[in-house]
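A short worksheet on the structure shown next.
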């Protein structure tokens, strides 16, 4: 059995309480559910099929603010399958500095 290596370097908080962060939307239009956030990344659930290593543009929605940011898919795994809607994915994104901007999404 392989042991997972912890790569996180900053604290994560649940998405529902991340200050200054309301939602993340994949630039191609797919909505997501924000699971958690840190200084350098976010955990999402989405219907969008993405693969690890894929660069993405995301829209970071704060309170009254929307910023475009570059992101990189660190992991993606299926968390559920609906016979009508298809697969649901849990995705980890490393996000550029737009997430760590003036709103202090998550303090260190």
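The values are calculated or read from the model by the stated rules, or taken from the named source; none is laboratory data. Keep in mind that this is a model prediction, so the values were computed, not measured. Heads up, the Cβs are rebuilt from the backbone with ideal geometry, glycines too, and the neighbour counts pull from every protein chain shown.
Of all residues in segment 8-36, those satisfying the criterion of being within 14 Å of residue 95 (Cβ to Cβ) and modelled with pLDDT under 85 are 8, 9, 10, 12, 15, 18, 20, 21, 23, 24, 27. Looking only at residues of segment 61-73 that are in a strand (DSSP E or B) and out of contact with any helix residue (DSSP H, G or I) (no Cβ under 6 Å at 6 or more places or on another chain), we find that the one that is surrounded by the most Cβ atoms within 10 Å (Cβ to Cβ) is 71.
Would you check which residues across segment 28-37 are surrounded by 18 or more Cβ atoms within 10 Å (Cβ to Cβ) and out of contact with any helix residue (DSSP H, G or I) (no Cβ under 9 Å at 6 or more places or on another chain) and list them? Once the filter is applied, which keeps residues that are surrounded by 18 or more Cβ atoms within 10 Å (Cβ to Cβ) and out of contact with any helix residue (DSSP H, G or I) (no Cβ under 9 Å at 6 or more places or on another chain), segment 28-37 yields only 32.
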